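Written out below as structure tokens is the structure these notes cover.
The values are calculated or read from the model by the stated rules, or taken from the named source; none is laboratory data. Everything numeric here is computed off the predicted structure, so don't read it as measured data. No Cβ is skipped: glycine too gets one built from the backbone with ideal geometry, and neighbour counts run over all protein chains shown.
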Amino acid sequence: MAAPAVEAVKAENENVSSTASPKLPRAAISKIEHSEQKGVPLNTPWTYWLDKSVPGLTAAEYEATLRKLYTVSTVQGFWSVYNNIPEPEKLNVRYCYHLMRYEIKPMWEDSANLKGGNWRIKVYKEDTNAVWKELLLAAIGEQFSDSMAKGDDINGISVSIRERDDILQIWNKDSSLADQSTIVEKVKSLLPHVRFSAMFYKAFQTHQAFEGGAYSHPSKS
């Protein structure tokens with residue numbers, strides 16, 4: 001039986017207003033489907049996810065609260081989803097957007113993330129929307145490829161809305177190669193006018209995130 005906290009989050013995700021927990025209107029879905037048929041293809045598909053960070057959930061419980069918004073495979077499809085969901089600044093606190101390569105789930109236990117980690121970028125709220133948009137465009141345009149070590153890759157981008165500074169994350173697949181990357185320099189070059197309150201890397205292998213144990217959401221730190 002699912003924990004009460006899980007059921008509460010799932011119900012909230014389904015029933016609150018689109019500002020707090022966005023859903024794609026039917027008209028938008030129709031437009032996206034059309035874009036996906038005739039648009040310019042992306043290098044790989046990307047999936048938009050939504051979740052709410054809730055302390056104390058197991059990995060399985062956290063996974064149950066994830067909501068897949070849409071998987072896009074074209075530039076036009078990407079913009080159709082982006083333009084039909086609220087900007088991050090309009091989300092309620094503790095909600096998170098993720099754009100993950102293929103249909104990788106934004107959790108450490110996904111097989112694509114097991115050996116990976118992410119760069120955590122804390123930004124002032126007035127910069128959240130701009131940073132989120134720029135990182136998304138860099139990801140789908142494969143602009144990070146020259147900043148990654150050979151054999152490594154970007155798995156996704158996340159934004160988490162917090163009480164104070166918001167947190168953005170750049171997920172990579174191999175934490176052992178992170179120190180060979182120039183991701184920090186790349187981010188700063190993409191956003192030269194943004195002041196970052198903090199920027200650091202964390203490998204998932206350093207965390208105790210196990211099935212049956214308390215799951216610490218990647219954006220909590």
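What number of residues within the stretch 121-151 satisfy the criterion of being surrounded by fewer than 22 Cβ atoms within 10 Å (Cβ to Cβ) and not in a helix (DSSP H, G or I)?
Residues meeting the conditions: 9.
Working carefully through the options TRP46, TRP108, find the one that is within 18 Å of the chain's Cα centre (by Cα) and at pLDDT below 95.
On the way: TRP46 fails: at pLDDT below 95.
That would be TRP108, the only listed residue that is within 18 Å of the chain's Cα centre (by Cα) and at pLDDT below 95.
Residues that are touching a strand residue (DSSP E or B) at 6+ places or on another chain (Cβ under 8 Å), surrounded by 18 or more Cβ atoms within 10 Å (Cβ to Cβ), hydroxyl-bearing (Ser, Thr, Tyr) and farther than 24 Å from PHE144 by Cα: does the stretch 73-85 have at least one?
No, the conditions are met nowhere in the stretch 73-85.
Please find, among ALA27, ALA5, the residue that is among the aliphatic types (A, V, I, L, M) and modelled with pLDDT of 60 or more. Don't jump to the end; show me each part of the working.
Values: ALA5 fails: modelled with pLDDT of 60 or more.
That would be ALA27, the only listed residue that is among the aliphatic types (A, V, I, L, M) and modelled with pLDDT of 60 or more.
Does PHE204 meet the test of being within 18 Å of the chain's Cα centre (by Cα) and surrounded by fewer than 16 Cβ atoms within 10 Å (Cβ to Cβ)? Explain how you work it out, then say what you get.
Working: within 18 Å of the chain's Cα centre (by Cα): yes; surrounded by fewer than 16 Cβ atoms within 10 Å (Cβ to Cβ): no.
Taking the combined requirement at face value, the residue does not satisfy it.
If VAL54 satisfies all but one of (1) touching a strand residue (DSSP E or B) at 6+ places or on another chain (Cβ under 9 Å); (2) buried (at least 17 other Cβ atoms within 10 Å of the Cβ), what's the number of the condition it fails?
VAL54 satisfies all of (1) touching a strand residue (DSSP E or B) at 6+ places or on another chain (Cβ under 9 Å); (2) buried (at least 17 other Cβ atoms within 10 Å of the Cβ) except (1).
How many residues are over 19 Å from HIS98 (Cα atoms) and either surrounded by fewer than 21 Cβ atoms within 10 Å (Cβ to Cβ) or touching a residue at least 40 places away in the same chain (Cβ under 8 Å) (or both) when one looks only at the stretch 152-162? Spell out the reasoning first.
Going residue by residue through the stretch 152-162, those that are over 19 Å from HIS98 (Cα atoms) are 152.
From what is left, the residues that are either surrounded by fewer than 21 Cβ atoms within 10 Å (Cβ to Cβ) or touching a residue at least 40 places away in the same chain (Cβ under 8 Å) (or both) are none.
Total satisfying the criteria: 0.
Filter the stretch 168-189 for residues that are under 22 Å from LEU136 (Cβ atoms), of a type in the set (A, V, I, L, M, F, W, C) and either out of contact with any strand residue (DSSP E or B) (no Cβ under 6 Å at 6 or more places or on another chain) or in contact (Cβ under 8 Å) with a residue 60 or more places away in the chain (or both) and give the result.
TRP171, ALA178, ILE183, VAL184, VAL187
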